[in-house]
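**Q** First the structure, which I've put down as structure tokens, then a few questions once you've had a look.
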Amino acid sequence: MRYPVALSAVAAAGVAIAACAATPATNKPSAALVAAVGAATRTPANTARDKYRHPVETLSFFGVKPTDKVVEIWPAGGWYTEIIAPYVARAGTYYAAAPAGERGRAGMVKLMAANPAAYGKIQLATFPSMDGVGKVPDGSVDVVLTFRNVHNWSFGKTDLTQAAFDQMFAMLKPGGTLGLVEHHLPESMAGTTEAKSGYMKRSSVVRFAEKAGFKLVGESAVNANPKDTHDYDTGVWTLPPVLAKGEVDRARYVAIGESDRMTLKFAKPK
């Protein structure tokens, strides 16, 4: 998800990584979650991407329950919002935490207006909130989720990556979960690639999270893609859904599919 203009506005305002064995997504999906993913209220163009994003498996792995207070960081047009907001509407809470300003919230406002019955309970919040205005209250939520956003936080005049992790840590209750999916850059590739490709190394993401106070408690290969070579001159946007090269080698990139992604589960210690 990208908010280049909004992020610029917000921006104005060798560490050893403990190994964590890959954890299979063994949590059995609840009937309520399966129903939320299969709901007729979802946009057909979004459901067509389930084969790449595996929402049932991903949300089951993160342990998201219908009773949870959930924050989604930078939901943009609401791909996951269409699933999570109705899923927790009856007994939980869904916060859409977006950059300050009209553009940052445009996708959520549009979604809420289009279907108030499904999305009218969405709570809007500001993230990151550099002055505390509009932020999710500290220690108030069970789960924070962010999908393919970490690479965006270094764009703009100021690198906000560590501040973002610090604020996610603060909003969680002790024992709460941070579920994170990000475009995966193999450790063997040049670190400078992170700054321009849209991919991130696992070690970089874990370093930011652990500095904020999180503990890595699990990871899953559910969103991995071994066909992804990670070495495109137009970065991760070469692949679907963006297909930055247009018709050039289009069939090749469509055959690869969406990017190789790490799926990491962190906990805020109790």
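**Q** Just need a number here: residues in the stretch 249-266 that are open to solvent by less than 60 Å² (accessible area, probe 1.4 Å) and of a type outside the set (S, T, N, Q).
**A** Looking only at that region, the number is 10.
**Q** Considering (1) open to solvent by 50 Å² or more (accessible area, probe 1.4 Å); (2) at pLDDT below 95; (3) in a helix (DSSP H, G or I); (4) of a type in the set (Gly, Ala, Ser), say which one ALA16 fails and leave the rest.
**A** (3)
Yes or no, residue by residue, for (1) of a type in the set (Gly, Ala, Ser); (2) open to solvent by 10 Å² or more (accessible area, probe 1.4 Å); (3) over 22 Å from PHE61 (Cα atoms); (4) out of contact with any Gly (no Cβ under 6 Å at 6 or more places or on another chain):
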residue: ALA221; (1), (2), (3), (4): yes, yes, no, yes
residue: THR234; (1), (2), (3), (4): no, yes, yes, yes
residue: PRO241; (1), (2), (3), (4): no, yes, yes, yes
residue: GLU247; (1), (2), (3), (4): no, yes, yes, yes
residue: LYS268; (1), (2), (3), (4): no, yes, no, no
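**Q** Starting from the stretch 215-235, take each residue that is closer than 14 Å to VAL181 by Cβ and among the small types (Gly, Ala, Ser) and list its partners that are open to solvent by 30 Å² or more (accessible area, probe 1.4 Å) and modelled with pLDDT of 95 or more, counting only C-beta distances under 8 angstrom and pairs at least six apart or across chains.
**A** GLY218/LYS265; SER220/GLU57; SER220/LYS265; ALA224/HIS184
**Q** Tell me the residue from ALA35, ALA85, ALA45 that is outside any loop (DSSP other than H, G, I, E, B) and in contact with a strand residue (DSSP E or B) (Cβ under 9 Å, 6 or more places away or on another chain), please.
**A** ALA85
**Q** Out of everything in the stretch 87-105 that is open to solvent by 40 Å² or more (accessible area, probe 1.4 Å) and at pLDDT 95 or above, what residue ends up being farthest from ALA35 (Cα to Cα)?
**A** TYR95
**Q** One residue is enough: does the stretch 175-185 have a residue meeting the conditions open to solvent by 30 Å² or more (accessible area, probe 1.4 Å) and within 16 Å of the chain's Cα centre (by Cα)?
**A** Yes: one or more hits.
**Q** Go through the stretch 48-82 and count every residue that is of a type in the set (Val, Ile, Thr) and either assigned to a loop (DSSP other than H, G, I, E, B) or over 14 Å from THR146 (Cβ atoms) (or both).
**A** 3
**Q** Return yes when SER129 is over 16 Å from the mean Cα position of the chain (by Cα) and open to solvent by less than 50 Å² (accessible area, probe 1.4 Å) and no when it is not.
**A** Yes: the conditions hold for SER129.
The values are calculated or read from the model by the stated rules, or taken from the named source; none is laboratory data. Everything quoted here is computed from the prediction, not taken from an experiment. Note that each Cβ is placed from the backbone with ideal geometry, even for glycine, and that neighbours are counted across all protein chains shown. Calculation scope for accessible area: heavy atoms of the full protein, side chains included, ligands and nucleic acids excluded. Shrake-Rupley method; radii C 1.70, N 1.55, O 1.52, S 1.80 Å.
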